[in-house]
Structure formats: C-alpha cells, structure tokens
There are 2 protein chains.
Amino acid sequence: MQKLGKADETKDTAFEEEVTNFNKQMLEGTKLQRDLKTYLAAVKTMHECSKRLQDCLADMYEPDWFGKEEMDALAEDTDVLWTDFHQKLVDSAVINMDNYMAQFPDIKARIAKRERKLVDFDSARHHFASIQKSKKKDEAKIAKPLALMEKAAPGWAQGIITAHQIAQTNLTRNQAEEDLGRAQKVFEEINYDLQEELPALWNSRIGLYVTTFQSVAGLEEKFHRDMGKLNLNLVDIMTKLEEQRQAKKPAK
Amino acid sequence: MQKLGKADETKDTAFEEEVTNFNKQMLEGTKLQRDLKTYLAAVKTMHECSKRLQDCLADMYEPDWFGKEEMDALAEDTDVLWTDFHQKLVDSAVINMDNYMAQFPDIKARIAKRERKLVDFDSARHHFASIQKSKKKDEAKIAKPLALMEKAAPGWAQGIITAHQIAQTNLTRNQAEEDLGRAQKVFEEINYDLQEELPALWNSRIGLYVTTFQSVAGLEEKFHRDMGKLNLNLVDIMTKLEEQRQAKKPAK
C-alpha cells in the first residue's frame, strides 16, 4: 500500500505542473482572444473614421477640380481595402483563435472530473486498507475466543464456527478489492488521457501564436502596402489640384 | 436716388453669393475639422489596441523562444511609430486646420455688422429722400399760403416769412445729407473690406484641402511603409519560431 501511495504522489506533482500550465495557457489564450477582438473593433472604427474623412474630401471636391473621378475611385478603393482587411482578419486570425479556445472548457471539465475520480480512488483504497487491517485483528480475535469455545462447544462444532467467521471477513474484503479495482480503472483511464493531451495542448500554444501573428502581420503588411499606394495617389491628385489652382490664379 | 438704389441692389446680389459661399465654406471646414479630429481619435484607439495585442505576444513570449529580444524591440518600434504618426498628424494637419477655422468667427461677425450698417445706410437714405420729397411739397405749400399772406401781411414781411421757411427746410436737409454721407461711408468701408476678403477666403479653401490631405496622405504613406517593414519582421520572427519548434519536436 505504501508503495502505491508513493507512486501516486509522484504522478500528481507532474500532473499539477501540467494543470498549472493549462491554466496559464487558458489565461493567455483568453487575453489574446480578447485583445484580438478589441483590435478588430479598432480596425472597424478606424475604417469608419478614415472613410468619413475621405468622403468629406470627395463631397467637397468640385466637378471642375482636377481628378474628380480619380478622387471618387480612390475613396471607393480605400473603402474596399479596409473592408477586405477586416474581413480577412476575422476569417483567419479570429476564427482560428476561437477554434483553439473552444478546446479549453471540455479539458477543464475533464481535469475537474479526474479530481473527483481521484477522491473516489483514494477513498476505495483507504476502505480496502482498513479492511485488510481489521482482517488481521479478526484473525487474532478468532484465535482467542476459540480457546474459551473449546470449553463450551463440542469438538465437532469448533471447526464450523472458525470457517464461518473467516468466510464473512473474506467476502467484505473481496467486495472492497473489487471496488478499489474499479475506482482505480476509472481514474487511470481519465488520468492517462489527460497526461497524453495536456502536454500536447501546452505545446500547441506556440503553433497558435505563430499562426495568429503570422496571419495578422501578413495581412497588415499587405494592407499597409496597398494603402501606401492609395496614399501616394492621393498626394499626386492633391499636387495636381494645387497646380491647377496656381495656373488659374493669374488668369482670373 | 433711384440710380444709387439700383447700384446697391446689384452689389448685394454678388455679395449674397459671396455670403452663401462663405457659409458653405464654413460648414465644409467645420465638418472637415470634426472628421479630422474623429480620425485622430481613431488613430489613438487603434494605436492602443495594436499595442495591447503586440504586448500580449511579447508578454507570452518565453525567454528561450527564438528572437525574444527582437520581439521586445519590435513592440517598442511599433509603439514609437504609432506615437510619431499621431503626433505629426496633430502638428501638421490639425493645427493647420484649426488656424484656418479660426478666421471664420471674425468674418462672420463682420458680415453681421455689414448687415446692420446697411440697415443704417438704407434708413439714412430713406430719411434724406423723404426730406427731399417734403422740401418740394413745402416749396409748393409756401407758394400757396403766400397768396393768402399777401392779403394779411404787409408787403415788407412777405419776403422774410418765405426766407425763414426755406432756411429751416434746408437745415434739416443738410443734416440728413450729412447723416447719409456718414452712414454710406461706414457701410462702404466694411463692404469694401469684405468684398476684398471673401473671394480670397473662398479661394483659399482649395489650398487648405490640398495642404491637409497632402499632409495626411503623406504621413499615412510613410506610416504604412514603415509599419509594413515591422510587419515583415514579425512574420520573419514567427517563421523562425515555428522552425525552432519543429526542430525541437523529434528530439523530445
């Protein structure tokens, strides 16, 4: 019994570390998921404000000013670029993140279940241990009364009484041993699965961070590249509008 | 008088158009100023959210992962880039816009003053016109009673009565003419200034739009260019972290 107890103890220390990692991982994931969604909301807000500013210019832009059509096209292109950027962020990073986070509640529930099954297993083990202990006491007791019984009962009855008492003790012991075996099996199954899954899940976080930030940074890079081009177009239209204005000035 | 009235009327139609333009320009400017500030607020929000997301990765990033230092440096560079972008937008576009908008209240007040001075001028003109009219009537009246007076008054008195009445009428007329001259001078001065300033102000809007959007688009273009580079760095670090993870996998 002492040997089994020690083995369990060793296993639990390793498992506790895994649970600590699991909780850390879940916290980090929850924070990342929340920060990603806040970032997405900021992208949407910035899209709206940027669109309003660009529309403001497009609305003020008079038909006879240089590049009126280019200006309208530019406002539309900018709008499309923002919409596309936001949608792609949702489609890749956010959905990926959501799928990753969806694993946690089930595993968390199974960690709690393992805890309960460990309590069952421990209680079955203690029960069996106490029966083993009392069996030794009973054997000592049975050995004692027999000395008195020898005087009261006839010789043929003495063997029957001893056999009956031994049989009863064995029955309780077998029941407790069966219960212990069952509790151990249930615990070890769930424990085995978790000890397989938790380190794998813990290791998967790096992959998730890589995928998420590679996708966010990749989409951002493309967005910045395309937006930079549209900005250059706008600078160009503005320069030509100023040239048009300067050319008109002395004529008027 | 008819001639002066017509000239004023013509002037007013042109001026009314200028005032219409002024009001349109002030409305457009107010909207642009507001949209620019909303955009600036969105830049600040996006900076905060983007920083939180990047810090989230930096915080989770373990010391033995590839490029821990590069990751911290990247988070700092991104932060500096955002701060710089926001500050430069404020320094150029927003301050420029605020200076432009600061002209409007004074000119608006002077348009209202011109309106009041026009009312004064009109009332002085009408006053003078009615005195002119009554002078003619008086001359007719004076001519009539004289026929009766001829019978009542001695011959030497007739000329004195007529002279006195004429002198009195002339005094009122001179006063009204002086008032009219003063009112006209005050009105014409303010009117002249506004007729000089309003078309110039109206024309200056194009320059403001050019300056504002050239500066916004220029700063954005630089921001997008630099941010794109930082994004590429992040993609690169992520790729190498994934390679490190893959290399470690079979060893464990």
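Remarks
- Annotation: A:F66 carries an accessible surface of approximately 70 Å², with a 1.4 Å probe and no ligand, DNA or RNA atoms counted.
- Out-of-range pairs (alpha-carbon distance over 22 Å; input A:K222/B:K37; A:K248/B:K31; A:K24/A:K113; A:K31/A:K222): A:K222/B:K37; A:K248/B:K31; A:K31/A:K222
- Principal-axis tilt of helix A:104-152 within chain A, Cα atoms, nearest 10 degrees: 10 degrees
- Where labels lie 7 Å past Cα in the beta-carbon direction, separation of A:K240 and B:T162 in nm: 8.2 nm
- The listed residues A:T83, A:T162, A:T212, B:T239, once ranked by accessible area (1.4 Å probe) with the largest placed first, stand as A:T83, B:T239, A:T162, A:T212.
- With a Förster radius of 25 Å applied to the C-beta separation of B:D79 and A:T45, the computed FRET efficiency comes to 0.80.
- Chain A: angle of helix A:68-89 to the longest principal axis, Cα-based, in degrees nearest 10: 10 degrees
- Accessible surface computed residue by residue for the protein assembly as shown, with neighbouring protein chains in place and a 1.4 Å probe, gives 57 Å² per residue.
- Other protein chain C-beta atoms within 10 Å of residue C-beta, averaged over B:227-240: 6.
- Residues B:V94, A:V90, ordered by accessible area of protein heavy atoms at a 1.4 angstrom probe radius and largest first, appear as A:V90, B:V94.
- Note on the range A:25-148: with charges restricted to the Cβ of Lys and Arg (+1) and Asp and Glu (-1), its dipole about the Cα centre is near 2940 debye.
- Over chain A: helical MRE at 222 nm, DSSP H runs n ≥ 4 each giving -39500 (n - 2.57), nearest 500: -34500 deg cm²/dmol
- Take each residue in A:199-209, count the other chain C-beta atoms within 10 Å of its C-beta, and the mean is 3.
- Relative packing of peptides A:201-211, B:48-58, B:168-178 - highest average C-beta neighbours within 10 Å first: B:48-58, A:201-211, B:168-178
- Relative to the other identical copies, A:R34 shows label-point distances of 3.4 nm, where the label point lies 7 Å from Cα along the Cβ direction and values run shortest first.
- Peptide B:30-38 shows a mean partner chain C-beta count of 4 within 10 Å per residue C-beta.
- Label point 7 Å beyond Cα along the C-beta direction, distances from A:N170 to other copies (nm, shortest first): 15.8
- Heavy atoms of chains B and A lose about 4700 Å² of accessible surface on contact, summed over both sides with a 1.4 Å probe.
- Rounded to the nearest 20, the Cβ-based charge dipole of the range A:11-77 about its Cα centre (Lys and Arg +1, Asp and Glu -1) stands at 520 debye.
- Gain on full stretching of the segment that runs from B:E70 to B:K31 - 0.36 nm per residue minus C-alpha separation: 9.8 nm
- Residues B:D91 and A:K222, FRET efficiency given R0 of 45 Å [Cβ-Cβ distance, rounded to 0.05]: 0.95
- Per-residue SASA entry for A:D138, accessible area with 1.4 Å probe, Å² rounded to 10: 50 Å²
- About the Cα centre, charge dipole magnitude for the protein assembly as shown (Lys/Arg +1, Asp/Glu -1 at Cβ), debye: 1660 debye
- Farthest towards the positive end of the charge dipole of the protein assembly as shown, among the residues A:L180, B:S130, B:A217, is the Cα of B:S130, using unit charges on the Cβ of Lys, Arg, Asp and Glu.
- Between copies, B:K136 shows label-point distances of 14.4 nm, shortest first, with the point placed 7 angstrom from Cα along Cα to C-beta.
- The separation of the range B:156-188 from the range B:17-35, counted between C-alpha centres, amounts to 47 Å.
The values are calculated or read from the model by the stated rules, or taken from the named source; none is laboratory data. Computed from a predicted structure; not experimentally measured. With ideal geometry, Cβ positions are generated from the backbone for all residues, glycine too; neighbour counts draw on all protein chains shown. Accessible surface is based on the protein model in full, side chains and every heavy atom, while ligands, DNA and RNA are left aside. Shrake-Rupley method; radii C 1.70, N 1.55, O 1.52, S 1.80 Å.
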